[in-house]
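Working notes, beginning with the structure itself.
Every number here is computed from the coordinates shown, using simple stated rules; none is lab data. Here the structure is a predicted model, which is why all the values come from computation and not from measurement. Reconstructed Cβ throughout: ideal geometry from the backbone, glycine too, with neighbour counts over all protein chains shown.
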Amino acid sequence: MDKERIPLHIAIVMDGNGRWAAKRSLPRLAGHNAGMGVLKEIVKSCSSLGVGHLTVYAFSTENWKRPEDEVGGIFRILVAYVEKELAELHQNNVRVTVLGDYSALPREAVIKLDEALDRTKENTGLAFHIALNYGSRDEILQGVRSLATEVGEGRLRIEDIDAQKLSDHLYTRGIPDPDLVIRTSGEKRLSNFLLWQSAYSEFVFTDVYWPDFTPAHLCAAIEEYQGRSRRFGGVK
């Protein structure tokens, strides 16, 4: 790995928790719980490697369709993760942010997330973005509606709307687009994750289920990324 060419922003679709559990005849929540342990190690690895931004897809707007006990269990695991890891995240200068409307989550989860955001807001190390109740199509629609409101109120001219203006009205405003998107579990799709932002991202798909994903797998994905030529539509 070339330490001088580490991606500035890595985004991960953490997929395969349920199938990992099913292979072991365990309840699906056991897979989600194991996945949270993996997340801790990946955050630490990204921080030590010098990655500037890590975005993880934790809960989508479509995940509400899952059984009620699984959804509730996911949020209890999230609360436990914040309670257990917040002090260490803060100590390691990690700044936590949330992408998505997390106000719709259970009250205890909202309180813990608010605590994490407030406690780490001044940190200058790895920016750790958690996509919660996040859907990229909804994000884009909200951005378009916000722009339309500004036009209707006379604060913005239609001819002044460009790609940057829309980017500035998304959850990811101020965050660089992901250089590398990783999806675990063998699936090869974005599933409504960072559709606008990943227009020129490099993708790495792995058959490894998320609870089995290790820092070594992360490094292998970065090495694969470094072996590619990024031309952004041009010619080198």
In the set Ala221, Ala216, the lone residue that is closer than 15 Å to Leu54 by Cα, of a type in the set (Gly, Ala, Ser) and part of a helix (DSSP H, G or I) is Ala221
So, Glu62, is that one touching a residue at least 60 places away in the same chain (Cβ under 8 Å), under 16 Å from Pro215 (Cα atoms), of a type in the set (D, E, K, R) and part of a helix (DSSP H, G or I) or not?
no
Restricting the stretch 156-171 to residues that are in a helix (DSSP H, G or I) and not small (Gly, Ala, Ser), the one nearest to Gln142 (Cα to Cα) turns out to be Leu166
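Matching residues to (1) without any contact (Cβ under 8 Å) to a residue 24 or more places away in the chain; (2) in a loop (DSSP other than H, G, I, E, B); (3) over 14 Å from the mean Cα position of the chain (by Cα); (4) closer than 26 Å to Val71 by Cβ:
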site	(1), (2), (3), (4)
Ser103	yes, no, yes, yes
Ala131	no, no, no, yes
Ile140	no, no, yes, yes
Gly143	no, no, yes, no
Leu147	yes, no, yes, no
Gly154	yes, yes, yes, no
Ile175	no, yes, no, no
Ile182	no, no, no, yes
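Which of the residues that make up the stretch 2-52 are at positive phi and surrounded by fewer than 23 Cβ atoms within 10 Å (Cβ to Cβ)?
Ser25, Gly50
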Apart from one, (1) surrounded by 14 or more Cβ atoms within 10 Å (Cβ to Cβ); (2) more than 12 Å from Val56 (Cα to Cα); (3) not aromatic (Phe, Trp, Tyr) all hold for His129; the odd one out is (2)
Over the stretch 70-101, the set of residues of a type outside the set (Ser, Thr, Tyr) and outside any helix (DSSP H, G or I) is Asn92, Asn93, Val94, Arg95, Val96, Val98, Leu99, Gly100, Asp101
Scanning the stretch 10-26 for residues that are part of a loop (DSSP other than H, G, I, E, B) and touching a residue at least 12 places away in the same chain (Cβ under 8 Å) gives Met14, Asp15, Gly16
Of the residues in the stretch 176-193 that are touching a strand residue (DSSP E or B) at 6+ places or on another chain (Cβ under 6 Å) and of a type in the set (A, V, I, L, M, F, W, C), the one that is nearest to Phe59 (Cα to Cα) is Phe193
